[in-house]
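The values are calculated or read from the model by the stated rules, or taken from the named source; none is laboratory data. Keep in mind it's a predicted model, so treat the numbers as computed, not measured. Counting neighbours? That spans all protein chains shown, and the Cβs are built from the backbone with ideal geometry, glycine included.
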């Protein structure tokens, strides 16, 4: 299929330089070349504007990964830029707190349900880990019941995944997994570990919709067992609703963690909750030099103001619906089992071959051909929508998809997707090492 882009020479040259000086090429596994079809996907970005980015070889793409999820408004977003530059003129980091920390805390407490206090951190991992430590201190218990997509690199959660070298083994005894929509499995965890569970850590949703009052059951189980419910809203926060998944799904968390989308790319996260729980941080060593860095605080205040004033999240839902519905109609038309699922603002592409087996090779080929047409989507990750995405972006994407599906339908026979792959298959970053708990037969 014809490639509408230029070469990737500059990207590939930078990659070889990085190989000599940076472990796994970059600071984030999900950004590294092996997470994509290496040799076809760009490796380095030069700049971004709105919903598009330009790589170091001057190829321009519509981006649906959006910085791994944080870019909720768009790249190079002018009102946020202005807030950062204005604060930069006053200073970045000081020997004492700056008023912007109080102002942003007040704003977060105004919009997030049940938030009486806010504590800022610099990453989602730090925020959720801080909340876990607070729950352990508050309840005097140590074990954690967990349901989510992972992503925290600290020991308490890294113990559950394949990349667990260097993690003390006792951590794997302190985390108990349960599947989404399996309240029975969660109940079994409490039956097996009476009076030992400090907190349930839950992503309110990933792609699957809650069923059979699952979220209400989780809330009830936490309350009945005097455990805290920590909601990991690093992805859902400032994306599903301005007030987060607590409002969208009508569920109350005891401690609720935010990150990614709240800063539109700035390094910031937050732990929120009632004073009853948040005051425990007065006693804990959860503190870092850069937590009060002002550029991220000022920029995040501007992000939230934009979301409030322009109803940006509603726009994202509408644009996402156009993409999700249009995508699924086109793949159906070509009889390809390659549908988007999940939510319009956080979608996930799954591809199945003629034997109805999920196929990474098929997905890699489809997205290889899309990126050659200037549409960048993650093979291993999610599809995100920002406020800067437009109907024109969606139309171009769907037009490209139609061309790609026609190419696959005409050329692929007997699932021979690999023959048309022009680079390396993406390499899975980690796999789950621990198994979820299931209800025991009575």
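Points worth noting:
- In a residue-by-residue description of the stretch 352-360, the property of being closer than 30 Å to residue 311 by Cβ and in the same structural domain as residue 38 (by TED's automatic domain parsing) applies to no position.
- In the stretch 382-405, the residues that are buried (at least 20 other Cβ atoms within 10 Å of the Cβ) and not in a helix (DSSP H, G or I): 382, 383, 384, 385, 386, 387, 388, 389
- Residue in the stretch 366-374 that is surrounded by fewer than 19 Cβ atoms within 10 Å (Cβ to Cβ) and without any contact (Cβ under 8 Å) to a residue 60 or more places away in the chain present: no
- For residue 342, the conditions (1) touching a residue at least 60 places away in the same chain (Cβ under 8 Å); (2) touching a helix residue (DSSP H, G or I) at 6+ places or on another chain (Cβ under 6 Å); (3) within 26 Å of residue 234 (Cα to Cα) all hold with the exception of (2).
- Restricting attention to the stretch 251-266 and to residues that are part of a loop (DSSP other than H, G, I, E, B) and over 14 Å from the mean Cα position of the chain (by Cα), the residue that is farthest from residue 344 (Cα to Cα) turns out to be 254.
- When residue 51 is tested against (1) surrounded by fewer than 21 Cβ atoms within 10 Å (Cβ to Cβ); (2) touching a helix residue (DSSP H, G or I) at 6+ places or on another chain (Cβ under 6 Å), only condition (1) is not met.
- Condition met for residue 63 (more than 26 Å from the chain's Cα centre (by Cα), touching a residue at least 12 places away in the same chain (Cβ under 8 Å), crowded, with 18+ Cβ neighbours inside 10 Å and within 27 Å of residue 389 (Cβ to Cβ)): no
- Residue satisfying all of: in the stretch 345-358; touching a residue at least 24 places away in the same chain (Cβ under 8 Å) and in a loop (DSSP other than H, G, I, E, B); nearest to residue 71 (Cα to Cα) among these: 345
- Within the stretch 406-423, not a single residue is in a strand (DSSP E or B), outside the structural domain of residue 27 (by TED's automatic domain parsing) and more than 30 Å from residue 306 (Cα to Cα).
- Residues that are closer than 25 Å to residue 297 by Cβ number at least 3 in the following strands (runs of 3 or more DSSP E) confined to the stretch 10-83: 45-49.
- Criterion: assigned to a helix (DSSP H, G or I), in the same structural domain as residue 378 (by TED's automatic domain parsing) and closer than 23 Å to residue 414 by Cα - qualifying residue of 332, 321, 325: 332
- Taking the stretch 174-250 as the region of interest, the strands (runs of 3 or more DSSP E) fully inside it that hold 1 or more residues being in contact (Cβ under 8 Å) with a residue 24 or more places away in the chain, out of contact with any helix residue (DSSP H, G or I) (no Cβ under 7 Å at 6 or more places or on another chain) and crowded, with 18+ Cβ neighbours inside 10 Å are 175-177.
- Test: residue in the stretch 104-114 that is over 26 Å from residue 207 (Cβ atoms), surrounded by fewer than 18 Cβ atoms within 10 Å (Cβ to Cβ) and within 22 Å of the chain's Cα centre (by Cα): no
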